[in-house]
1. For the range 512-644, what is the convex hull volume of the alpha-carbon atoms per residue, in Å³?
2. Based on Cβ point charges of +1 for Lys and Arg and -1 for Asp and Glu, what charge dipole magnitude is obtained for the range 255-334 about its Cα centre, in debye rounded to the nearest 20?
3. Shape verdict for the range 489-547, please, from the Cα gyration tensor: rounded (a/c under 1.5), prolate (a/b greater than b/c) or oblate.
4. Which far-off residues, 5 or more places away or on another chain, put their amide H under 5 Å from the one on GLN72, with H placed in the peptide plane?
5. Rounded to the nearest 20 debye, what is the charge dipole size of the range 340-384 about its Cα centre when +1 sits on each Lys and Arg Cβ and -1 on each Asp and Glu Cβ?
6. Between ARG428 and GLU622, what is the label-point separation in nm under the 7 Å Cα-to-beta-carbon projection?
7. Which whole-Hz couplings ³J(HN,Hα) result when phi for each residue of the range 462-476 is put into the Karplus expression 6.51 cos²θ - 1.76 cosθ + 1.60, θ = phi - 60°, listed in order with x for Gly and Pro?
8. Quickly work out the ASP529-to-ILE390 label distance, labels modelled 7 Å from Cα along the C-beta direction, and quote it in nm with one decimal.
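The values are calculated or read from the model by the stated rules, or taken from the named source; none is laboratory data. Nothing here was measured: the structure is a model prediction, and the numbers come from that model. Here the Cβ positions follow ideal geometry from the backbone for every residue, glycine too, while neighbour counts run over all protein chains shown. Accessible surface is based on the protein model in full, side chains and every heavy atom, while ligands, DNA and RNA are left aside. Shrake-Rupley method; radii C 1.70, N 1.55, O 1.52, S 1.80 Å.
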Amino acid sequence: MKNSTNLPLLDLQRKPDLGIGTPELAHKEKRRLLLAAKHAKEGAFAVIAYTRPDVPDTVSREIAAALDVPLQWLRLTRNFVTALDYAQQLPAEQRQQTRVVSLSGLDQLVESGSTPKLEIDAFNASLHAQQIAFASQLDIRRDVLTRYTHLILLWVTLPVVPILLQHAPNFMSRVGGGGYFDLTGYTHEAKQDADHEAASIPASREVQAKNADELRQDFALTTDQLQRTLAPAMRDGVIKHLIQIYLDAYDLGVTLPLEPLNTIEAKIAASPKTLTAQMANDLGWLYLERGDARQAKSYFEAALHKSQATQDKQQEGRSLNNLGNAYNNLGEVRTAIGYYEQALGIAREIGDRRREGTVLGNLGVGYKYLGEVRTAIGYYEQNLSIAREIGDRRGEGTVLGNLGVAYKYLGEVRKAIGYYEQGLGIAREIGDRGGEGYHVGNLGNAYRNLGEVSTAIGYYEQALGISREIGDRGGEGAWLGNLGNAYRDLGEVRTAIGYYEQALGIAREIGDRRGEGNRLGNLGIAYRDLGEVRTAIGYYEQALCIAREIGDRSGEGTWLGNLGNAYRDLGEMRTAIGYYEQALGIAREIGDRRGEGLWLGNLGTASYKLEDNAQAKPYLTEAIRLFEKLELPVPDGFRNYLARIPQ
């Protein structure tokens, strides 16, 4: 199960149709259930109505097989409290292992060991009381049930559904991932085409398009509900569902209007108790994907506070990891690493191997940003080992790509290509089109580094095609930007500008402020190449403004340094040195060793042009030493200028 999304919430304003469903409805519901299961996150819970006694067994096995995770059966007895605490009976290392838990027997609670006969329409006063008691326990124990990375399937017959709605309202409306699915008309005949279609990972292009259409319809209905005056429990359920729609939209590559997020924030501000740790983490993730790391950080901090207050180790670990991601995006990498290390400690404490691997990978990303690439590779290799141990093929492909990026930084481009090709093979094997585009694009980056720009363009065009096919607007903008870089390498700067402008338009359309700043900076670099330095300065200043607005210290340093380059081109060396000194200060502040070496070298070249060799020599010497220590390729210009200085 992915860690980005949840099963859809049960809409309590639209009561389930309690009549026997048709095979056509079952076909649609089965596909929706399988799709939701694939996008489920920790603590997901589905309530599924059925009639045929073979359905729970058949469908549970199919879901577990589609997710490639273990299946655990639980049969409710009158001692159902023990069943609700089932996870405590598992070995510690299995509690955090992603699994499907199929919970059945609510239709006929019996003593342990007896074999009941399924009696869908029977009414028994004692049984009815037991079912009410069970529903009440669901409300009380919902946090226990959703604490672990398990997808829990609660199988119920039609008479039980109204009992759950009446006696477990908080569970049905508030628990993360609660969803209702009607398989009352399910037969083997109805399932044949649906299973083949929905069990493929990911779904076919036609099914993805249909899912996207259904998501947009759900979005329209839910945003309409959000504008109404609702009871608190129902309001909270609508908010959670709308957040979930945004998460699902990202997963499907669907772009949705952002205005309803403002409505969600207003309602949360009016009723702060609405905000749970999970909701805060989800909202933060949405803002992080939009490039607003500051707003994301505030939500992750709220999630951390709430999870610590409730001693929810799962959400605490998630919050710490997310805070690391936010600080990484803000360029405060040392701070990010501190949060990652705390998250890693919790993952190991509770035996969550999947999250342990994720955090190790994030530590690798952090150290790579600091220029400590060998350290990063060590973390990536630990991440890769865990991904292979737990059978996470998607995660394995991602970390292989990260290893490729690390070796490219070290100048070992052929080795990087080997890792990208391994990651690409896995993505194609499991049908991960998004991952395929990522690895294909990285192959383009590698061949561009080798100077094989035409080959790189071919890969970028493939990656761009995949992003457009799956509706990934962010990816589309990234590959347009890389195409711009490639054409700039070929000297076709006007063509490059066309690509950068397309990428800038997408960044603004999807609200990606960080991406917007990067594209403005790219335009500045292109106009500098054309000799239009004043125009370039205007773009750099816009990019710098955005970096400061969103708190992106790394980006701020980058655009200050580029402003230094522009003023150096204009012959204004003192102004250039002022910008380089600011960029150097930021690099040292955030621990960016590669950036430190780059700006030291640029200070050296500017000082040389001022004929200040006493300053130029130590700057260039220290820059070269840093690059060699980091095992990174030394820019040719630094050695050339140093060689010109009399010894």
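1. So the per-residue Cα hull volume is 103 Å³.
2. Roughly 160 debye for the range 255-334.
3. Oblate.
4. Result for GLN72 returns VAL100, VAL101, SER102.
5. Dipole size: approximately 120 debye.
6. 4.9 nm
7. 3J(HN,Hα) across the range 462-476, in whole Hz: 5, 4, 4, x, 5, 4, 5, 4, 8, x, 8, 5, x, x, 4.
8. Computed distance between label sites ILE390 and ASP529 equals 4.2 nm.
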